[in-house]
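Below is one structure, written out as structure tokens; comments come after it.
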Amino acid sequence: MSTAPGYQSPAVTVASSLPKRPKASSVLIVPVVAADGDGPGDARVVATDLLDAAAVGEIESALRALGAKGGADQVTRVVAPSLRVASVLAVGLGSAREAWTPEAIRRAAGVAARALSGTESVITTLSELDVAAAVEGLILGAYRFTDFRSAKTAPKDAPLQEITALSTAKGAKDLAVRGADVATAVATARDLVNTPPSHLFPAEFARRAKALGESVGLDVEVLDEKALDKGGYGGIVGVGKGSSRPPRLVRLTYKGSGRKRKRVALVGKGITFDTGGISIKPAANMHQMTSDMGGAAAVIATVVLAAKQKVGVDVIATVPMAENMPSSTAQRPGDVLTQYGGITVEVLNTDAEGRLILADGIVRACEDDPDYLIETSTLTGAQTVALGGRTPGVMGSDAFRDRVARLSQQVGENGWPMPLPEELKDDLKSTVADIANVSGSRYAGMLVAGVYLREFVADGVQWAHVDVAGPAYNTGGPWGYTGKGGTGVPVRTMFAAIEDIATNG
Ligand code: BES
Ligand code: MN
Ligand code: ZN
């Protein structure tokens, strides 16, 4: 199972009208809203240009008979014999409006895809409202991870195989391809997060990162435990030394085309499992620490996506990978290590391991003289306390932090800007080393981690730190286009930032 294939994205075709002879098993997905005129509670079909009036009438009267209201995320399945499809799924967008946000379309598409689990072929008019968002939502809503199910519990039905997105917009084809590429990158990150720690350990993670990078022509460099030791990567070595499965540092380089292009460094936390080490975590929910490489997964998927989309910037991903285990070779609370670059750290809590591997990664990344640095990690439980399970905390240099948070909101990942108060640095004073890895207080845990990382960012580099402890992994029920498990956050935020830098510098 180590060559697990992961999720195969469905094929996407764009058409400007309903196919004359659709597959008999196809389901047509249409957006609906609550009608204002003809009787309360009735649903009205939106984007009707692509359907003839008789078919629209047929769908609307079937919806009326069922009392469907068109509320946001409501789905209703009806038959429309005049259309040559198996059935029609109406998905609610809420109240009638001139335009819906891309995120509303993405969510509706995701809800529809989840409701149609087991359907192999869909046609949709949601794409008339926003083709990229509709395709993204469908692919992500249809996502499933079955690599570790034997015939006993594997789904009997095939996953979604083909999407026909109806659109009359100019450039619809390119937008659909783009949507599919973005969704496929998110799915790649989800696959990596969903792969259990038994099967995804640093060497295997590095192998997969290398294969993904080489598949799109990236330069890939992998440092093994010997190279890390020799190179002075004290944080990665220190965290990794409690495990029989040694650490790695992976570097993936994409060179964009165009003169005078900007350089973006990405750094992602790749703890393939976080027991806490000697400062061991409680048993309850420890299994969720399989998601502690969510930042690394997102960074790898994003640099691959940037290459696929041939973005006009350089993107260099630096990905430290380690397993945080307790053992007789593990680092102890009170140990002192030397981060890459020379700063010494007193490790007061071995469960604050992310910042130790990230500090090495950040210093290494800054040696490439990037203009911008985005680092992302499942760094603190305090992130979920402060912002909950769906809102990444964005810290860093003021202007770039605000820019990344704004772009994150635009793409529906909803990052929110948070401060890094100067005075918190005093809490990281050590009695023996340059700095301690934790403060003595429980206050502002998310911000303290950001303050620690700031010490390692080179002057002049605009940076953003995105804490996705909650958002990278959905421990609740499915919603919108997000199922249980790995979410792929913040791939779309980072890609939006890279594209924005390519356009605006
Ligand atoms: N990987 C955890 C953070 C985490 C917690 C991620 C919950 C996802 C869900 C991180 O390594 C950690 O253990 N952080 C400690 C820091 C503390 C020791 C300062 C924490 O949050 O308790
Ligand atoms: Mn930890
Ligand atoms: Zn961790």
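The values are calculated or read from the model by the stated rules, or taken from the named source; none is laboratory data. Keep in mind it's a predicted model, so treat the numbers as computed, not measured. A quick note on method: Cβ atoms are made from the backbone with ideal geometry, for glycine too, and the neighbour counts reach across all protein chains shown. We work out accessible area using only protein heavy atoms, side chains counted, and drop any ligands, DNA or RNA first. Shrake-Rupley method; radii C 1.70, N 1.55, O 1.52, S 1.80 Å.
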- Query: Helix 172-194 versus the longest principal axis of the chain: what angle, 0 to 90°, nearest 10, using Cα atoms?
  - Reply: 50 degrees
- Exposure ranking of Ile501, Ile343, Ile278 by accessible area [1.4 Å probe, largest first]: Ile278, Ile343, Ile501
- How large is the accessible surface per residue of region 321-372, computed with a 1.4 Å probe and reported in Å² as a whole number? 33 Å²
- Note on the structure: Number of Lys pairs in region 195-504 closer than 18 Å at Cα, excluding neighbours under 8 places apart unless interchain, is 12
- Sequence of Ser16, Ser167 when ordered by accessible area, the most exposed leading, probe 1.4 angstrom: Ser16, Ser167
- Note on the structure: Counting only protein heavy atoms and leaving out ligands, DNA and RNA, the solvent-accessible surface of Thr384 at a 1.4 Å probe, in Å² to the nearest 10, equals 60 Å²
- Query: With the calculation restricted to Cα positions, what are the radius of gyration and Dmax of region 11-183 in angstrom?
  - Reply: 15.5, 53
- Item | Radius, Kirkwood style, for the chain when every pair of distinct Cα atoms is counted (Å) | 23.6 Å
- Task: With only Lys, Arg, Asp and Glu charged, each at its Cβ (+1 for the first two, -1 for the last two), find how big the charge dipole of region 127-241 is about the Cα centre; round to the nearest 20 debye.
- Result: 360 debye
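Let me check I've understood the local charge: for Glu162, count other residues with C-beta under 10 angstrom from its C-beta, Lys and Arg +1, Asp and Glu -1. What total comes out?
0
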- If R0 is 51 Å, what FRET efficiency do you get for Ile280 and Ala86 from their C-beta distance, rounded to 0.05? 0.45
- Task: Work the Kirkwood hydrodynamic radius out for region 200-261: mean of 1/r over every pair of different alpha-carbon atoms, inverted, in Å.
- Result: 12.8 Å
- Query: So for the chain, taking the charge dipole from beta-carbon charges (+1 Lys/Arg, -1 Asp/Glu), which of Thr164, Ser26, Val461 sits furthest toward the positive end?
  - Reply: Ser26
- Query: Mind checking which lysines have their C-alpha under 23 Å from Lys69, skipping anything on the same chain fewer than 8 residues away?
  - Reply: none
- Item | Residues of type aspartates and glutamates that Lys173 reaches as a straight line, Cα spacing below 19 Å, ignoring anything fewer than 8 places off in the same chain | Asp49, Glu128, Asp130, Glu136, Glu162, Asp181
- Task: Kindly report, to the nearest 10 Å², the accessible surface of Leu175 as traced by a 1.4 Å probe over protein heavy atoms only.
- Result: 70 Å²
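Under unit Cβ charges (Lys, Arg +1; Asp, Glu -1), what dipole magnitude, rounded to 20 debye, does region 11-183 have relative to its Cα centre?
600 debye
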- Item | the chain - percent of accessible surface contributed by carbon and sulfur, probe 1.4 Å | 51 percent
- If one takes the longest principal axis of the Cα atoms in the chain, at what angle in degrees, from 0 to 90 and to the nearest 10, does the Cα axis of helix 491-504 lie? 90 degrees
- Query: Looking only at Cα atoms, what is the convex hull volume of region 117-244 per residue, in Å³?
  - Reply: 147 Å³
- Probe 1.4 Å, all protein chains present, accessible-area order of Glu60, Glu214, largest first: Glu214, Glu60
- To the nearest 10 degrees, the tilt of helix 53-66 (Cα long axis) against the first principal axis of the alpha carbons of the chain is 70 degrees
- Message: As a test question: what accessible area, to the nearest 10 Å², does Arg64 have when a 1.4 Å probe is rolled over all protein chains in place?
- Response: 110 Å²
